[in-house]
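Here is the structure we will look at.
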Amino acid sequence: MFDEIISYGMRMILGTARSPHWTAIRTKFIKGKTCAACASDRALEAHHKTPVHVWPEGELIEDNLVVLCRDCHFTFGHLKDWSSWNVNVDKDCLEYLKKIESRP
């Protein structure tokens, strides 16, 4: 149900429909992983590095995805603005994760 609501929202906001394969790809991609930025295993999402409305062909390509928790998705994936995206998401997540892992 949640995926259907998100898909509807994508069509309304961006005019882009989700592939019927998206839910299966997303579920498989997230399974067994943690957030790339904070290492959380809760509320995980598959973030498109290049958004679907910019590169529709990249929707199901795993190299275009990164696992982020809900908070990091907004912060690192969209730079706290859902209408934007972070072209340096991989680099920024790795830097933050290193800080998390080495904190005193």
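Could you pull out the residue among Arg70, Arg103 that is more than 24 Å from Ala17 (Cβ to Cβ) and either of a type in the set (Lys, Arg) or in contact with a helix residue (DSSP H, G or I) (Cβ under 6 Å, 6 or more places away or on another chain) (or both)? So the residue among Arg70, Arg103 that is more than 24 Å from Ala17 (Cβ to Cβ) and either of a type in the set (Lys, Arg) or in contact with a helix residue (DSSP H, G or I) (Cβ under 6 Å, 6 or more places away or on another chain) (or both) is Arg103. Residues in segment 91-104 that are surrounded by fewer than 14 Cβ atoms within 10 Å (Cβ to Cβ) and either closer than 18 Å to Gly32 by Cα or among the charged types (D, E, K, R) (or both): Lys91, Glu95, Lys98, Lys99, Glu101, Arg103. Looking at this structure, is Ser84 at pLDDT below 95 and among the small types (Gly, Ala, Ser)? Against the criterion (at pLDDT below 95 and among the small types (Gly, Ala, Ser)), Ser84 does not qualify.
Restricting attention to segment 61-83, the residues that are crowded, with 17+ Cβ neighbours inside 10 Å and part of a loop (DSSP other than H, G, I, E, B) total 1.
The values are calculated or read from the model by the stated rules, or taken from the named source; none is laboratory data. All values derive from a computational prediction rather than experimental measurement. Cβ coordinates were reconstructed from backbone atoms using ideal geometry, including for glycine residues, and neighbour counts include every protein chain displayed.
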